[in-house]
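Participant: My questions all concern the structure below.
The values are calculated or read from the model by the stated rules, or taken from the named source; none is laboratory data. Please read these numbers as outputs of a predicted model, since none were measured by experiment. Note that each Cβ is placed from the backbone with ideal geometry, even for glycine, and that neighbours are counted across all protein chains shown. Accessible surface is based on the protein model in full, side chains and every heavy atom, while ligands, DNA and RNA are left aside. Shrake-Rupley method; radii C 1.70, N 1.55, O 1.52, S 1.80 Å.
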Amino acid sequence: MQGVSSAWRGWAFILIFAMSETTTEQIADEQPAVRTTMDILEIMSLLPHRYPFLLIDRVVEMERKQRIVAIKNVTINEPHFQGHFPDYPIMPGVLMVEAIAQTGGALLLSEIPDRDSKLMVFTGIENARFRRPVVPGDQLRIEVTVLQWRSRAVKMLGNITVDGKLVCDATVMCQVVPRVTKKAAVEAPSE
């Protein structure tokens, strides 16, 4: 019985050693996973916007510094529908352009390591076109493609579709700037 036990220990040692070799090789070959989606909490960790001005709900595709696709669910509960327009609620075009900028901002800010001390701001909008009305119940698919990427500024082309039909497109430019802290704003001398 003792001989069987030592033989078993030998086989167990070989098996464990072989498994550890395979695991070490697999780990050495693996690359860190590149994030391609984001839920609302991850988006909120990047963008400073909050209700009622956070205009993207989920990121469904993302290629670093190249392209991003986000989803926005349009609901009648949004405050702009009370006045735009009471009998015919349509989403304001300016909010669709803002959704394009926020989607691009999620891509841009994901590349900035010190983003807590930075803010992304609009620097330009070109060729904005609104092709169809967006109404409560629609789901916006916001596709943003990078045209130019500099260290702190990006030019992006955004297209928004609903059910595969183009409703809005625009080229937006954004820049990352230092964020003014609340303490600095309070301590600013008044004249």
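Participant: Which one of the conditions (1) more than 17 Å from V59 (Cα to Cα); (2) in a helix (DSSP H, G or I) does I100 fail to meet, given that it meets all the rest?
Facilitator: It is condition (1) that I100 fails.
Participant: When only residues in segment 107-124 that are surrounded by fewer than 22 Cβ atoms within 10 Å (Cβ to Cβ) and in a helix (DSSP H, G or I) count, which is nearest to the chain's Cα centre (by Cα)?
Facilitator: L109
Participant: Same structure again: Testing M62 on (1) at pLDDT 90 or above; (2) open to solvent by less than 40 Å² (accessible area, probe 1.4 Å); (3) in a loop (DSSP other than H, G, I, E, B), one condition comes back false. Which one is that?
Facilitator: Condition (3) is where M62 drops out.
Participant: With the structure loaded, tell me whether G83 is more than 28 Å from the chain's Cα centre (by Cα), small (G, A, S) and at pLDDT 55 or above or whether it fails that test.
Facilitator: Considered against the rule, which asks whether it is more than 28 Å from the chain's Cα centre (by Cα), small (G, A, S) and at pLDDT 55 or above, G83 comes out as yes.
Participant: For M173, which of the numbered conditions (1) out of contact with any strand residue (DSSP E or B) (no Cβ under 7 Å at 6 or more places or on another chain); (2) modelled with pLDDT of 95 or more fails to hold?
Facilitator: Looking at each condition in turn, M173 falls short on (1).
Participant: Right, next: Taking only segment 73-97 into account, find how many residues are hydrophobic (A, V, I, L, M, F, W, C), loosely packed, with under 15 Cβ neighbours inside 10 Å and in a helix (DSSP H, G or I).
Facilitator: Adding up the residues that qualify gives 1.
Participant: Quick check on segment 125-173: of everything there that is part of a loop (DSSP other than H, G, I, E, B) and among the hydrophobic types (A, V, I, L, M, F, W, C), which residue is least open to solvent (accessible area, probe 1.4 Å)?
Facilitator: V134
Participant: To continue, here is another question. Could you say whether any residue in segment 96-108 is in contact with a helix residue (DSSP H, G or I) (Cβ under 7 Å, 6 or more places away or on another chain) and either without any contact (Cβ under 8 Å) to a residue 60 or more places away in the chain or over 21 Å from V121 (Cβ atoms) (or both)?
Facilitator: Scanning segment 96-108, I find no residue that is in contact with a helix residue (DSSP H, G or I) (Cβ under 7 Å, 6 or more places away or on another chain) and either without any contact (Cβ under 8 Å) to a residue 60 or more places away in the chain or over 21 Å from V121 (Cβ atoms) (or both), so the answer is no.
Participant: Scan segment 32-44 residue by residue and report those that are open to solvent by 40 Å² or more (accessible area, probe 1.4 Å) and at pLDDT 95 or above.
Facilitator: T37, D39, I40, L41, E42, M44
Participant: So which pairs qualify, if the first residue must be in segment 62-77 and touching a residue at least 12 places away in the same chain (Cβ under 8 Å) and within 12 Å of W149 (Cβ to Cβ), the second must be open to solvent by 20 Å² or more (accessible area, probe 1.4 Å) and among the small types (G, A, S), the Cβ gap must be under 9 Å, and the two must be at least 6 apart or on different chains?
Facilitator: R64/S110
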